[in-house]
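These notes concern the structure reproduced below.
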Ligand SMILES: [Zn+2]
Ligand SMILES: [Zn+2]
């Protein structure tokens, strides 16, 4: 039988706006019951003590954009692949996850959604990160901005297709490129069914972004990657130069975005710039990671294992020779740590961008995202420099044994 209560002690607790030194976090029946200085918190006699060994006690991370890990891509479409990736990400600090679709056939997208729903509904601790919803990401990308995704798997939004997907009740975040025919209708339909509606893999102009915003779009996927700039819009429409996705996100306070802080996609000054202009409440960290996480260097497929595009992992980054990066190969623990170290961002803000901010944007902040009383006891034990030591989901410790 699990201990009725656990108390995390001998560490500093990371709250969204501050750090409490010599803290205690008390969890009972899978929920956070008290957070404060140790002196103030009375634990039941039989509470199990979790020693943070002078390190940090933080909330579990939340990844809103992630494709796979340890050999599995969610688009493989099996419950086995979904569980493999979820376990690998839990071992890297992610406790709530939004498995993300790529471009692919109708059948491939539907199989992925169904597999995620099955894993979500039958979740057990050994399955790893809990699915909070699916990020319906591909296939509605602009042809010129498909990036590492399979081009033949992209298409314009079709209500006969996406309404069926929404009906499954698993999609929490939905992406579409704003310039596609039918994009506004997609955004309006998505707004009714999902919490966060986003524009990505797009060459949209300011005008297209403004129309999308009116239809409910509030977020842009992986800032500066596979999105428009003033010069990409000028190349299409000439002068006078127009605003792009970049300016729209920076100018509109309600818009949020996300960065891939793996140190490969964006230099530290861009990470710091995005934080400075959007702030910790509108900037999320995501991994955007693929099946090469935790795998040896080699050749892998991005998206479905049957026909996804090939890429190479050299152990540091994933790329398509001659074409550029193909998502990342690290977990949220690395992203949060990089944000604090490379971009010199205070720890509470770096952690917030990997936990409470994505939770708020995806509409799950009442349940998870911070060490607040009443929330699920998703708790990480970290070193002072944010190296992950232990992972607790719903108050129970998750232990990972990679399959390889
Ligand atoms: Zn992408
Ligand atoms: Zn991606």
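Any read-out appearing in this document is the output of simple, stated calculations on the displayed coordinates, not a laboratory observation. Fair warning: this is a prediction, and the values are worked out from it, not measured in the lab. No Cβ is skipped: glycine too gets one built from the backbone with ideal geometry, and neighbour counts run over all protein chains shown.
For the chain, DSSP calls about 60 percent of its internal beta bridges antiparallel. Entry note, segment 250-403: relative contact order of 18 percent, from Cα contacts under 8 Å with a spacing of 6+ residues. With n ≥ 4 as the cut-off for DSSP H runs, can you work out [θ] at 222 nm for the chain, using -39500 (n - 2.57) per run divided by the number of residues, rounded to the nearest 500? Result for the chain: -7500 deg cm²/dmol, rounded to the nearest 500. When 149, 265 are arranged by Cβ crowding within 10 Å, least crowded first, meaning fewest neighbours, the order is 265, 149. Could you list the residues of segment 93-109 with an amide nitrogen less than 14 Å from a label point located 7 Å from the Cα of residue 323 in the Cα-to-C-beta direction? So the set is 103-104.
Once you've got the GNM for the chain with C-alpha springs shorter than 10 Å, pick whichever of 93, 60, 394 has the biggest mean-square fluctuation. Largest GNM mean-square fluctuation: 394.
Within the chain, the proportion of C-alpha pairs whose separation exceeds 39 Å stands at 14%. Students often get this wrong: which residues of segment 189-210 have the backbone nitrogen under 19 Å from the point 7 angstrom along Cα-to-C-beta of residue 144? Residues 199-210 fall inside that zone.
In segment 90-238, Cα pairs under 8 Å separated by at least six residues give a relative contact order of 21 percent. When the Gaussian network model of the chain links Cα atoms closer than 10 Å, the mean-square fluctuations of 232, 328, 256 top out at 232. Using a cutoff of 8 angstrom between alpha carbon atoms and counting only pairs six or more residues apart, the relative contact order for the chain works out to 21 percent. Cα centroids of segment 378-401 and segment 197-218: 37 Å apart. Ranked for footprinting exposure by Cβ neighbours inside 10 Å, fewest first, 195, 137 give 195, 137. Let me know the shape class of segment 216-352, please: from the alpha-carbon gyration tensor, a ≥ b ≥ c as square roots of the eigenvalues, rounded when a/c is under 1.5, otherwise prolate if a/b is greater than b/c, or oblate. Note, shape of segment 216-352 comes out oblate.
For segment 228-342, DSSP calls about 70 percent of its internal beta bridges antiparallel. When the chain is treated as a Gaussian network with alpha carbon springs shorter than 10 Å, the biggest mean-square fluctuation among 220, 233, 391 belongs to 233. What is the distance in Å between the Cα centres of segment 1-57 and segment 75-147? Comparing the Cα centres of segment 1-57 and segment 75-147, I get a distance of 32 Å. Ranked for footprinting exposure by Cβ neighbours inside 10 Å, fewest first, 327, 152 give 152, 327.
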